[in-house]
1. Restricting attention to region 244-266, which residues are out of contact with any Leu (no Cβ under 8 Å at 6 or more places or on another chain) and among the aliphatic types (A, V, I, L, M)?
2. Using the structure shown, decide if Arg387 is crowded, with 16+ Cβ neighbours inside 10 Å, assigned by the TED database to the domain that holds Ile299 and modelled with pLDDT under 90.
3. Would you confirm, using the coordinates I've provided, whether Arg284 is in a strand (DSSP E or B) and modelled with pLDDT of 90 or more?
4. Going through Glu419, Glu462 one at a time, which residue ends up being modelled with pLDDT of 90 or more, acidic (Asp, Glu), out of contact with any Leu (no Cβ under 7 Å at 6 or more places or on another chain) and under 30 Å from Phe308 (Cβ atoms)?
5. Regarding region 350-372, can at least one residue be identified that is surrounded by 13 or more Cβ atoms within 10 Å (Cβ to Cβ), closer than 30 Å to Phe458 by Cβ and at pLDDT 90 or above?
6. Select, from Thr485, Thr509, Thr537, the only residue that is surrounded by 22 or more Cβ atoms within 10 Å (Cβ to Cβ) and of a type in the set (Val, Ile, Thr).
7. Tell me the residue from Pro321, Pro275 that is free of Cβ contacts under 8 Å to residues at least 12 places away in the same chain and either of a type outside the set (A, V, I, L, M) or not assigned by the TED database to the domain that holds Glu559 (or both), please.
8. Residues that are assigned by the TED database to the domain that holds Phe369 and surrounded by fewer than 16 Cβ atoms within 10 Å (Cβ to Cβ), at least 1 per element: which helices (runs of 4 or more DSSP H) completely within region 412-460 meet that?
Amino acid sequence: MKRLHIYIYCCLSVVLLVYSSMAYAGDTKAGGNIPGKDSLYIQIYGGINKSANENLPMSEFSSYPWSGGFFIGVGKEVNALWGWRTALRYNHNKSRNVPECESPDTWGWNNIGLFVDATFDITDALKLPVNRGTRFNLKAFAGVGGVYTFGFPMQTPLSYSESYSRNSTVGFGMRAGLTATYLMSHKWRIGAELSQTMFNDKFNGVNSGSPFDGRSNLKVGVTYLFGKKKKVKTDTSPIIYDNRLRDIPALPFKIPGAEDTKNRAIEGRAFLDFPVNETVIYPRYRRNPEELQRLNKTIENALFDKSFKVHRVVLHGYASPESPYSNNTRLAKGRTQSLKSYVCRKFGIDEFVVETHYTPEDWDNLRSFIETCGESRRVKGNVWYERESIVETPVMPQYVIDSRKELLDVIDLDISPDEKEAMLKKVDNGRPYNWLLQNVYPGLRHTDYIIEYVARPFNAKESRRLIYTHPEALSIEEMYKVAQTYEEGSDGWLDALLIAANLNPEDKTANLNAACGCVKTKRLTDARRYLKKAGTTPQANYLRDVIDAMEGKKAWKIENGKVIVTEDN
C-alpha cells in the first residue's frame, strides 16, 4: 500500500512539472498580461476519511472504517498557474490494526496538522491565456507540514502482536491531491477536494515498522475570494473590417527632363611600385601587373563606347614621408608624369586635357592612420578585384597605439618635414616608426585620378541593353524610356525605375517615379523610402495619400478617378 502511495505521489509531481513548463513557455510568449489569476481566498471544507497503517493491505481498502475531519485554508495564486495555500486541519482517524478486516474492532485517535501547499491550476494550464478564468476549475496541489497526534485509546488493544505507544507526539507529513471548484458568483465557489496524506510512522503511536502510513480524504466546502473583480465582458460589437484601398488609381509618374550634356566622371587611386629613387613605370615590376590591370579595367569600363570624349583628367601623386624632402618632391612629380604618359598612350587621351599635381610627402594620410588606430588600413575585402597578391595592412600593434599621442605631437609640429622624420625615428627607440615604414608607408605612395568625359545620347534600344551593364552612362530620361518599353508592373519596368533612383539618390523626379513603381507593385515600404527623397510637390503629397489609403491609415474616397483622403482612421 505504501509503495503505491509513493508511486502515485511521484507520478503526480512529474505531471505537474510537465504542464508547468508547457504553460510557462506559452505565457512568456504572450507577455505579462495573463488572465485567470486568483486573488487571496479563504476555504472552509469538511468531509470523510479512511486511515490505514502498516498492517492493512490496499486490497482491504473498502473495508477500512470511516471517519471525518475539516480544515480552514488561506491561499493565493502568484500567476495564472501557480499559487500557494496554508491550511490548519483537524481529523479524527479510525483504524483496524490487523492484517484482515473481518474483525469489527476499531480504535480511533485525533490529529491537528498545519500544511503548506503549492497549487497548480490544471484548467488554466490546458487553455489559451485568453480563455482562462472559467467557472469550473481544477487544481492539483502538493505540500508538507507537521502533525500533532493525540487521544489514543487507553483500553482498546492496538495490536495482537506488536507493542505500541499511546503517547501524543508530533510527526512529519506530506500530502497531494486535487481540488475541483465551481464559481457560483464573483466572490463564492463551492468545491470538493480529494487527497492522500502520508505520515511518518508516529501518527498512530507505532514504535517500529514501516516508515509511512496514510490517510485518504474527501472534503467538500466553500471558497471566498477577496477582491475578486467581476469579469469584464468583452465588446461584442460587430467586427469592422479594414477600409484599405485595393484598386490602385492612376499614379503621378513624371517624365524626367532631358540631360543637355551627359557629363560623367570616374575616380580612383593607383598604387604603383617603383624601384628605389626611380620614376619610370615598369609594368612587370612587383605588384604593377595587378595594379595596372585594375587601373585599365576601371577606365575601359567607363569609356566602353569609343565615341565618349574625355575632356579633363586630373592626376595627383603622393610620396611617403621618408628620405629627404627634396628627393620626395622629385619622386612625386616624376612618378605622376610617368602615369600621365601611360594613361595618354594607353587610351589615346590628349595630353593637354591632363592636369598633374603632386604632394611630396603624404603627412595627412599618415596622421589620419595613426589617429584612427588604422581604421583606414587596406584589407582585401575593400578591393573589388581581390587577388592573393594583395598585401593587407596589419592591425596596428599595441606599442604603436601606446605611442600614438607622441607621434601625433611630432607630426603637428611646425618644423621642416626632414626634422619631423628625424624626431619620429626617436619615439620609443624607433619601434613605431619602423612598423609604420614597413606596413603603412607603402600605401602612402599613390596617385589619385579623376577622369571626366562626356557620354553620347542613346536610343531606347541601346538604353535597354545598357541599363544592366552600364547604367551610369544613361540619363534619368533614358532610363525612364527603358521602363516604357516594358509592360507596366513587370520586373523590367520596375528595375529601370529603381536603377534610375539608386544611381541618382538626390534626384526628386527619379525617386518619385521609383515610389510610383513600388506602389504599382504594392511594395509600400519601399515606396515610402523613395518618397522621402521625392520632395513635397503636389505629386509626391498625392502619392503619400494613396499609400496611406492602401495601408488603411486614413479614410478615403474616389472623386474623378483620384483618391481623396478625408480623415485619419
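1. Leu245, Ile248, Ala250, Ile255, Ala258, Ala265, Ile266
2. Criteria not met by Arg387.
3. no
4. Of Glu419, Glu462, the one residue that is modelled with pLDDT of 90 or more, acidic (Asp, Glu), out of contact with any Leu (no Cβ under 7 Å at 6 or more places or on another chain) and under 30 Å from Phe308 (Cβ atoms) is Glu462.
5. yes
6. Matching residue, one of Thr485, Thr509, Thr537: Thr509.
7. Pro275
8. It comes to 417-424, 431-439.
The values are calculated or read from the model by the stated rules, or taken from the named source; none is laboratory data. Please read all numbers here as calculations on a predicted model, not as lab measurements. Backbone-built Cβ (ideal geometry, glycine too); neighbour counts: all protein chains shown.
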